[in-house]
């Protein structure tokens, strides 16, 4: 019995038994089959010869001629019974059985040198542990890829806001026709006697049952017609209410759109609020900010809440430790976190500028100042404060000439003279871009420093 080095468990054997005639042809067939099975890892475990038996048909024929001729009957050839066996191991990459000595698993095609065990349950447990670790690592890589594509994904979307989304959607469902037939089943005796009309005259009780059933059918049809009429009236009323609601919604949207195209400051800020609020980000990203609009210069200043560094995956990989039969999380390196976080903030800044400029159908924007802030602990007061860690200004003309699908985001950010805090792990506030305009800013309850938050649904 074979044993794996370092293991006390004997290798399980897989057996196969085959028979061959004990003749020259049978022996050649056995040799051919043995070579075929040897290629699959089998070897001969045992071999025995079973003698043939007397041909009974020849004995009977001999006995009919002369009884002693039964001893002249021939014999069938003997049989060679060969048992083949091979040692079986189990691949710890997929849990499938494989042949001892093979370098590649026949099931998953993985290299199995040093990755096999004689116990099937152990192999399956290890394989599942590895698959679970691989799934977790794949999920991390998918999240990272989503963050890497956060700029490129927005370029295929039309960010112009449809004012009809602010109206109340007509949610009343259309009335459904519901009528329960109260028609009793047709009496079998009536159904039978319909083929013999004359018999009904001889059986008054049967005739009465037929008349009662026909009256029930007539009442049921009348009730159905009444129910259908009520349903049609209800559908007509529902359509009228829906049309009225849609007309009111369209009227409100048209009014808002006229104010927007007329560059009403309050409506402009409401428009930009909805543009940014409907931009899709991961759920754990903050969705708030403020606006300040200088109508004379058509300059919009946005203070945008950026995600914290904890929004990045803090685990870079999940590994399976076979010796402990446990998974181990490998923390993302600080160098990677710093680079990936800075890259993410720059992409969010460029994305925000793109969405605002691309959606500007009113032509109300000449330039945008974007200040990105994060929540950070101020150790001098022991309180969390908003720190501006990113600031950038771009004119619509300059920004519209940039092909964001092809740029290096960091190079583009630098070209636009953007400023980013050097240390994003322990950040300090950067100097924000400040407009030197002497034009008055929009202020009041409906414009100027208006906070916005992402709606809970697209209809809010």
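The values are calculated or read from the model by the stated rules, or taken from the named source; none is laboratory data. In this text the structure is predicted, and so the values were computed from the model without any measurement. Quick reminder, even Gly has a Cβ in these numbers, built from the backbone with ideal geometry, and neighbours come from all protein chains shown.
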* **Matching entry among 252, 243 (being more than 28 Å from residue 429 (Cβ to Cβ), modelled with pLDDT of 90 or more and touching a helix residue (DSSP H, G or I) at 6+ places or on another chain (Cβ under 9 Å))** => 252
* Return yes when residue 282 is surrounded by 15 or more Cβ atoms within 10 Å (Cβ to Cβ), part of a loop (DSSP other than H, G, I, E, B) and within 28 Å of the chain's Cα centre (by Cα) and no when it is not. => no
* If you scan the stretch 113-149, which residues turn out to be assigned to a helix (DSSP H, G or I) and closer than 22 Å to residue 13 by Cα? -> 120, 121, 122, 123, 124, 125, 126, 127
* Which of the residues that make up the stretch 303-315 are closer than 24 Å to residue 356 by Cα and either assigned to a loop (DSSP other than H, G, I, E, B) or modelled with pLDDT of 95 or more (or both)? -> 306, 307, 308
* Pick from the stretch 369-406, criterion in contact (Cβ under 8 Å) with a residue 12 or more places away in the chain and part of a loop (DSSP other than H, G, I, E, B), ranking: surrounded by the most Cβ atoms within 10 Å (Cβ to Cβ) -> 404
* Structure fact -> In the set 352, 361, 366, the lone residue that is within 19 Å of residue 268 (Cβ to Cβ), touching a strand residue (DSSP E or B) at 6+ places or on another chain (Cβ under 8 Å), modelled with pLDDT of 75 or more and surrounded by fewer than 20 Cβ atoms within 10 Å (Cβ to Cβ) is 366
* Sole residue being modelled with pLDDT under 80, more than 30 Å from residue 325 (Cβ to Cβ), outside the structural domain of residue 326 (by TED's automatic domain parsing) and part of a loop (DSSP other than H, G, I, E, B), chosen from 173, 77, 68 -> 77
* Which ones in the stretch 292-313 are closer than 17 Å to residue 348 by Cα and surrounded by fewer than 16 Cβ atoms within 10 Å (Cβ to Cβ)? -> 308, 310
* Taking the condition in the same structural domain as residue 398 (by TED's automatic domain parsing) and crowded, with 21+ Cβ neighbours inside 10 Å, does residue 343 pass? -> no
* Determine whether residue 411 is assigned by TED's automatic domain parsing to the domain that holds residue 353, in a helix (DSSP H, G or I) and over 21 Å from residue 302 (Cα atoms). => yes
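Here's the yes/no breakdown for (1) at pLDDT 80 or above; (2) over 15 Å from residue 314 (Cα atoms):
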{"residue": "117", "(1), (2)": "no, yes"}
{"residue": "121", "(1), (2)": "no, yes"}
{"residue": "127", "(1), (2)": "yes, yes"}
{"residue": "133", "(1), (2)": "yes, yes"}
{"residue": "140", "(1), (2)": "yes, no"}
{"residue": "143", "(1), (2)": "yes, no"}
{"residue": "150", "(1), (2)": "yes, yes"}
* Structure fact -> Apart from one, (1) farther than 27 Å from residue 294 by Cβ; (2) in a helix (DSSP H, G or I) all hold for residue 356; the odd one out is (1)
* To do: Taking residue 289 as the residue in question, decide whether it is surrounded by fewer than 18 Cβ atoms within 10 Å (Cβ to Cβ) and modelled with pLDDT under 95.
  => no
